[in-house]
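The values are calculated or read from the model by the stated rules, or taken from the named source; none is laboratory data. Bear in mind that the values here come from a model prediction, so they are computed numbers and not experimental data. Backbone-built Cβ (ideal geometry, glycine too); neighbour counts: all protein chains shown. Just the protein is used for accessible areas: all its heavy atoms, side chains included, with ligands, DNA and RNA removed. Shrake-Rupley method; radii C 1.70, N 1.55, O 1.52, S 1.80 Å.
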Amino acid sequence: RLQYFQETVGRIRELPEVRTASVTEFLPLAGTAFLRAPFTLDGQPAGESSMVVPVLPDYFQTMGGRILFGREFTDAEVRSDAPVAIVNDLFAQQFGEPAAAIGRELGGRGTVIPRRIIGVVKGMVYLGEYNPTQIFVPDHSPGRFYVTIVARVNGSSEASLARVRDAIRSVD
């Protein structure tokens, strides 16, 4: 599945009007409340459960998200299922200055694998909640829940839609 979505996004990015494209399991304002879990930072529990959002590289750039500290995921991290994560500023603030979250270990209970934080992003609106605590992980297996391909284009998105659909169909 990953190869399919990487190839699809690659073809979409080749379109002259497309500035950037990515994939996410959950769009902002979509139903993601069921994907919440308790997390820790260096073993210290967070104050509330955090929403987990699997994404591919360039998600924040495509969606207009703002990386405050650190960086986005790389293709290599997604392919290798690297144990890395990006947290939002509200999550990081529970433990001090948001910039200090970079390089720290994100953990949890049960099957949650420890992940190194590589970025802090300005919180995004999900489910009408402004800035709930959010954790973004590289999506090495897109399509486990839902998949949405997102693109940022120059000009009218409606004018680009047919060409984007054609790019997707060319991979199908």
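Could you identify the single residue in Asp89, Asp75, Asp81 that is more than 11 Å from the chain's Cα centre (by Cα), acidic (Asp, Glu) and more than 30 Å from Val164 (Cβ to Cβ)?
Answer to the check: Asp89.
Can Val23 be described as in contact with a helix residue (DSSP H, G or I) (Cβ under 9 Å, 6 or more places away or on another chain) and in a strand (DSSP E or B)?
So Val23 passes the test.
Mind checking which pairs have a first residue in the range 153-169 that is touching a residue at least 24 places away in the same chain (Cβ under 8 Å) and a second that is of a type in the set (Gly, Ala, Ser), Cβ under 7 Å, 6 or more apart or different chains?
Val153/Ser160; Val164/Ala151
Kindly evaluate Gly43 against the criterion of being open to solvent by 50 Å² or more (accessible area, probe 1.4 Å), at pLDDT 90 or above and not aliphatic (A, V, I, L, M).
Yes; evaluated as a whole, the condition is true for this residue.
If we keep just the residues of the range 64-87 that are touching a Pro at 6+ places or on another chain (Cβ under 7 Å) and assigned to a helix (DSSP H, G or I), which is most open to solvent (accessible area, probe 1.4 Å)?
Restricting to residues being touching a Pro at 6+ places or on another chain (Cβ under 7 Å) and assigned to a helix (DSSP H, G or I), the top hit is Asp75.
Checking Asp89 against (1) among the acidic types (Asp, Glu); (2) touching a Gly at 6+ places or on another chain (Cβ under 9 Å); (3) free of Cβ contacts under 8 Å to residues at least 24 places away in the same chain, only one condition comes out false. Which one?
(3)
Are any residues in the range 138-150 buried (at least 22 other Cβ atoms within 10 Å of the Cβ) and either in a strand (DSSP E or B) or modelled with pLDDT of 90 or more (or both), and if so, which ones?
Scanning the range 138-150 gives a single hit, Pro138.
Return yes or no: is Arg11 under 30 Å from Gly155 (Cα atoms), part of a strand (DSSP E or B), in contact (Cβ under 8 Å) with a residue 60 or more places away in the chain and open to solvent by 30 Å² or more (accessible area, probe 1.4 Å)?
In short, no.
Does Thr62 qualify as being under 14 Å from the mean Cα position of the chain (by Cα), of a type in the set (Val, Ile, Thr) and within 15 Å of Ala151 (Cβ to Cβ)?
Yes; evaluated as a whole, the condition is true for this residue.
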